[in-house]
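One structure is given here, and the rest of the page talks about it.
Derivation of every value follows stated rules applied to the coordinates shown; laboratory data play no part. Just so we're clear, the structure is a prediction, and the values are computed from it rather than from any experiment. FYI the Cβ positions are ideal-geometry reconstructions off the backbone, even for glycines, and counts take in every protein chain you see.
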Amino acid sequence: MSKKLEEFVQANRQAFDDREPSERVWKNVKTTMFGSQSAMSLIFWRAAAVFFMALSAYLLYPRIMPTSDNQVALKELQDVEKFYFREIADKVEMIEAHHGEPNLNGFTNDFKQLEAMYEVLKEEMRTSPSKKVKEALVLNLLIRIDLLNQQLHKIDQQNQEEEERGQTEA
């Protein structure tokens, strides 16, 4: 049967080419294939809403989640702290070996103030980590090391003066 239909269509092809289906037929085809016009607009609005939600989530994600820069800053701070705390402990030990208590020229008060400021900065780093806070913490450590170096320099000068007095008296 399909062969007869094919032959008929081939024989009468030109008769079919000049005719078009009525508007009613096209409406039925559209409705059958795509649904009604309101269904199409509903699908469009749903797709637009999903796209908007996805775009919003993408744009807000870095603001909601802690940034990787802050996490990197925390990790770097831990490494820097280990190094500088070791340096500070070594220098404090050297000062205490020479004078027992490091209490020369207000050294202890300055050092304790720096330690207190460091603890405040450290708490700030825990609550809202940032590169600026990390830099302030490192600067605090560097100032403490500089203060310790100055104290060690004073001790060295005192030791040299004592040696010179001992050599001149002898």
statement: Extension length gain for M53 and A97 (0.36 nm per residue less Cα distance), in nm, is 9.3 nm
message: Regarding segment 68-169, what's the average projected area of the Cα-atom convex hull, expressed in nm²?
response: 7.0 nm²
message: 7 Å from Cα along Cα→Cβ at both Q14 and D156: what's the point-to-point distance in nm?
response: 11.2 nm
- request: Quick one: what are the phi-derived ³J(HN,Hα) couplings along segment 134-141, Karplus 6.51/-1.76/1.60 with θ = phi - 60°, whole Hz, x for glycine and proline?
  value: 4, 5, 5, 5, 5, 4, 4, 4
